[in-house]
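A short write-up of the structure that comes next.
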Amino acid sequence: MHTDTYRHKGMRKVLVKLLKEKGITDERVLQAIAKVPRHFFFEKMFLEHAYQDKAFPIGEGQTISQPYTVAYQTELLQLNSHDKVLEIGTGSGYQCCILLEITPYVYTIEYNQVLFQKALQFFKKNNLNPHTFCGDGSEGLPQEAPFDKILVTAGAPVIPKSLLAQLKVGGALVIPVGDEQSQKMVRVVRETSDEFTREVFNNFKFVPLLGKSGWNK
Ligand code: SAM
């Protein structure tokens, strides 16, 4: 069982300062990073890595995203406290916990069964209640749509049309799109029922989005 000490809180403060220096300005995001103990998602022997600004392996060939990436994507979502948000790629559950600090209406889907079970146990143990799903999220979660916001935390080859169809009018999708080496962060806003605007931001490197509308592996 991990404990959260003053030392860990101090390390999160330093991390938040670094994220501010790197350009993150959304106070809700910075407060969430300051609050969620990222070291809870690390094995005891790797605890020293938890507050470094880097991605880290979580098993099954997957990673917990770099704190800057988590902050960047969450800031782009412009999440409000009443938003219903879908996260595709639960992974460790860390990003989900950041979302839960901002809104209670979080839906999260993970493809890998081992990671899904692990995240589920983490949520239960910590009395957290996101809506959790195991399966291919590359086409979203039609049975729970529409969503105010959709966040994809794995790199997609294209923007799946089904995700756009699951956005409310005024809602936004944040998704890294590109090849397997590098992806550009894209935000698509549904302006009206059939009009969408697209903005392209910085380059990132994510693990691939698998499944029907992903890399299909
Ligand atoms: N958000 C995670 C966190 O905070 O730890 C990090 C996500 S990791 C970079 C990407 C995750 O997406 C992996 O756990 C991977 O198994 C998952 N994934 C890949 N393709 C998926 C799909 N089609 N549906 C759902 N999850 C998928």
Considering the chain as a Gaussian network with a 10 Å cut-off on Cα pairs, which listed residue, K184, K118, K168, attains the greatest mean-square fluctuation? K118
Taking the 0 to 90 degree range and rounding to the nearest ten, how far is the long axis of helix 67-77 tilted relative to the main principal axis of the chain, both from C-alpha atoms? 40 degrees
With a ≥ b ≥ c the root eigenvalues of the C-alpha gyration tensor of the range 101-217, is it rounded (a/c under 1.5), prolate (a/b larger than b/c) or oblate? oblate
Calculated from backbone phi, Karplus (6.51, -1.76, 1.60) coupling profile of the range 54-64 in Hz, x at Gly/Pro: 8, 6, 8, x, 10, x, 6, x, 10, 9, 7
Could you pull out the longest piece of the chain with no exposed loop GluC sites (Glu not before Pro) in it, calling a site exposed if DSSP puts it outside H, G, I, E, B and it has at most 16 other Cβ atoms within 10 Å? 61-179
The range 6-204: relative contact order in percent, alpha carbon pairs under 8 Å with at least 6 residues between: 14 percent
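For the range 1-65, just say rounded, prolate or oblate: build the C-alpha gyration tensor, square-root its eigenvalues into a ≥ b ≥ c, call rounded for a/c under 1.5, and beyond that prolate if a/b exceeds b/c, oblate if not.
Oblate.
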Distance between Cα centroids, the range 134-196 to the range 1-77: provide it in whole Å. 24 Å
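The numbers here are math on the coordinates, done by the rules we state, and not lab data. These numbers come from a predicted model, not from an experiment. Please note: Cβ atoms are built from the backbone with ideal geometry, for glycine as well, and neighbour counts cover all protein chains shown.
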